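First comes the structure, then the notes that go with it.
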Amino acid sequence: MSNQSETKPIAHKLFSEDWGKEPEPKLGTKPILGDRYTSKKFMELEWDKLWTKVWQVAGLEQQLEKPGDFFTFDFGRESILCAKGEDSEIRCFYNVCQHRGNQLVQIEEGNLESFDCAYHAWKFGLDGELKWVPDEEDFLQGSPCGKRNLLQIKAEVWKGFIFFNLDPDCKPLKEYLSPIMEHLEDYPISDMIRTHWVSVEGDWNWKCVQDNFNESYHTPYVHPGLKYVAEEKYQACQFDMYESMHSRMLMPGFIPSVSVYGEEEKVLEMIGPHIEYWEMDPQDYKGKLLDIRVDLQKQKRKLDKEKGYDFSKFKDTQLTDHYHYTIFPNMSFSVKPDGMQWLRGSPHPTDPNKCIFDYWYLTLFPKGVDKYFSPALGLETDIKTKVPHITGHHSEVDVGPGISEDVAIWTSQQKGLSSRGYVGDYMPSQENRIRYFHENIDKYLFGTSGGDA
Ligand code: FES
Ligand SMILES: [Fe+2]
């Protein structure tokens, strides 16, 4: 396969109309060693210096429709309580009773008028204020009501995502997410409904997840089907690393890779269902597979209103290509005008060899459409059916299309990273985003990028 691909030219590199290529940062050569993934000490350092300083996503605004709606989100050793108040304000709190530290809310979601502790019945309002305690007159220090309120956490809502930051002195979300907010401005993400929601406990460190989504070097081998529907060769892709520590990859979609030239039937079979929705006949593209991408862009523009979309603000490449962003330190997403695949590896509360991995898919239902076949998920979704939160161990739960192939790798990688026989990475340039990611972690942990070996 590789010999064939080396001899063919890469047909497309069409990102000139995008925000442009970011200048490459200067990276060091220090090896990324296995103990970063296995050491309890390193994990503790990450908690103190990284996780308690960075913006994270607790959940979605669509989980809090009316006053009294709440949900909890477990993040490392913490539980975060998010609630919509009587004033419709969304607030995040440490999920901890201020009497003697009992975890206040034990369920994942619901609707309540107040949060009542199961231990001694202290009653907190939706805004976190302590409203009532038994035997209020018995406190020498004075009544705790209105005083020992829930500890509020900084929170901001952007595009329907509820972000929080455990650092009260953190920079504003807008500044933290630069330039991602600008890039995503026209995507109707707030209107997208979560149609896939899986969280698994995995036997790997959270960085295995982010490393993986920071490179596409693995795609021909871990995702053998991708080459029929995307030009995955690195020469055709664009990789950007931003000063804000986030990064992205652009990969041409709806075009077969040079590595599969000659496999026309298979390409048409794989791309067919996607383009048929846009009233293109796969058989018309026999002998001209490379025209599909640009024709699909034109067809989407032509039929968008008729199909219940509005693509007028998007660039052509955004209609067909993979715009894959990694938000430092642990979130990644691939975004299209009609949907978003959202991925995250979070730290385990106690074990560096474990992680909580989330896979969401957010679907934009076309206007007037309640039931929609999601090509990305390969299933029929219904706007009225609330998606269940599927949880479990990764060995028992199918995470979802495509990503389960990545999941299978991380367990064996974690085993290798724990071996005395692993002496550190040896990476090609197309994996630079991984190096950038680790250098940025070091900036948080040690105040320096680690530099050269
Ligand atoms: S610990 Fe919550 S009321 Fe006592
Ligand atoms: Fe992958």
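The values are calculated or read from the model by the stated rules, or taken from the named source; none is laboratory data. The shown structure was predicted, so the numbers you read here are calculated from the model rather than taken from an experiment. Virtual Cβ from ideal backbone geometry, glycine too; neighbours counted across all protein chains shown.
Can you tell me which of (1) more than 15 Å from ligand 2 (Cβ to nearest atom); (2) within 16 Å of the chain's Cα centre (by Cα) is the one GLU243 doesn't meet? The single condition GLU243 does not satisfy is (2). The single residue among PRO282, PRO256 that is modelled with pLDDT under 95 and either within 16 Å of ligand 2 (Cβ to nearest atom) or in the same structural domain as ASP406 (by TED's automatic domain parsing) (or both) turns out to be PRO256. Here LEU140 fulfils each of the conditions (1) free of Cβ contacts under 8 Å to residues at least 24 places away in the same chain; (2) within 16 Å of ligand 1 (Cβ to nearest atom) apart from (2). In the range 106-117, is there at least one residue being closer than 15 Å to ILE162 by Cβ, hydroxyl-bearing (Ser, Thr, Tyr) and not assigned by TED's automatic domain parsing to the domain that holds SER332? No; the residues of the range 106-117 include none that is closer than 15 Å to ILE162 by Cβ, hydroxyl-bearing (Ser, Thr, Tyr) and not assigned by TED's automatic domain parsing to the domain that holds SER332.
Taking the conditions (1) within 16 Å of ligand 1 (Cβ to nearest atom); (2) over 23 Å from the mean Cα position of the chain (by Cα) in turn, LYS84 satisfies each one other than (1). The set of residues in the range 38-73 being aromatic (Phe, Trp, Tyr) and touching a residue at least 24 places away in the same chain (Cβ under 8 Å) consists of PHE42, TRP47, TRP51, TRP55, PHE70, PHE71. Restricting to the range 205-240, and then to whatever is of a type in the set (Phe, Trp, Tyr) and closer than 15 Å to LEU343 by Cα, can you tell me which residue is nearest to ligand 2 (Cβ to nearest atom)? Among those that are of a type in the set (Phe, Trp, Tyr) and closer than 15 Å to LEU343 by Cα, it is PHE213. Pairing each residue of the range 334-346 that is closer than 26 Å to ASP74 by Cβ with any residue that is of a type in the set (Lys, Arg), provided the two are 6+ apart or on different chains, yields C-beta distances under 9 Å for TRP342/ARG194; GLY345/LYS207. Within the range 209-226, the set of residues being touching a strand residue (DSSP E or B) at 6+ places or on another chain (Cβ under 7 Å) and not small (Gly, Ala, Ser) comprises VAL209, GLN210, PHE213, ASN214.
Scanning the range 106-151 for residues that are surrounded by 14 or more Cβ atoms within 10 Å (Cβ to Cβ) and within 25 Å of the chain's Cα centre (by Cα) gives GLU108, GLU109.
Check the range 191-203 and report whether any residue there is more than 16 Å from ligand 2 (Cβ to nearest atom), closer than 16 Å to VAL335 by Cα, in the same structural domain as ASP382 (by TED's automatic domain parsing) and surrounded by fewer than 16 Cβ atoms within 10 Å (Cβ to Cβ). Checked against the condition, which is being more than 16 Å from ligand 2 (Cβ to nearest atom), closer than 16 Å to VAL335 by Cα, in the same structural domain as ASP382 (by TED's automatic domain parsing) and surrounded by fewer than 16 Cβ atoms within 10 Å (Cβ to Cβ), the range 191-203 yields at least one hit. Scanning the range 425-439 for residues that are in a helix (DSSP H, G or I) and among the aliphatic types (A, V, I, L, M) yields a count of 1.
Does PHE93 meet the test of being over 28 Å from VAL200 (Cα atoms), within 16 Å of ligand 1 (Cβ to nearest atom) and either of a type in the set (Gly, Ala, Ser) or surrounded by 15 or more Cβ atoms within 10 Å (Cβ to Cβ) (or both)? Criteria not met by PHE93.
A quick yes/no check of all residues on (1) surrounded by 18 or more Cβ atoms within 10 Å (Cβ to Cβ); (2) assigned to a helix (DSSP H, G or I):
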{"site": "ASP291", "(1), (2)": "no, yes"}
{"site": "VAL294", "(1), (2)": "no, yes"}
{"site": "LYS300", "(1), (2)": "yes, yes"}
{"site": "PHE311", "(1), (2)": "yes, no"}
{"site": "LEU319", "(1), (2)": "yes, yes"}
{"site": "TYR323", "(1), (2)": "yes, no"}
{"site": "PRO329", "(1), (2)": "yes, no"}
{"site": "TRP342", "(1), (2)": "yes, no"}
{"site": "THR350", "(1), (2)": "no, no"}
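Comparison of THR38, THR7 shows that the only residue that is polar (S, T, N, Q), modelled with pLDDT under 95, farther than 30 Å from LEU184 by Cα and assigned by TED's automatic domain parsing to the domain that holds PRO252 is THR7.
How about the range 366-378: which of its residues are hydrophobic (A, V, I, L, M, F, W, C) and out of contact with any Asp or Glu (no Cβ under 8 Å at 6 or more places or on another chain)? VAL369, ALA376, LEU377 - these are the residues of the range 366-378 that are hydrophobic (A, V, I, L, M, F, W, C) and out of contact with any Asp or Glu (no Cβ under 8 Å at 6 or more places or on another chain).
For the range 246-271, the set of residues classified as of a type in the set (A, V, I, L, M, F, W, C), more than 30 Å from MET181 (Cβ to Cβ) and touching a residue at least 40 places away in the same chain (Cβ under 8 Å) consists of VAL258, MET270, ILE271, listed by residue number.
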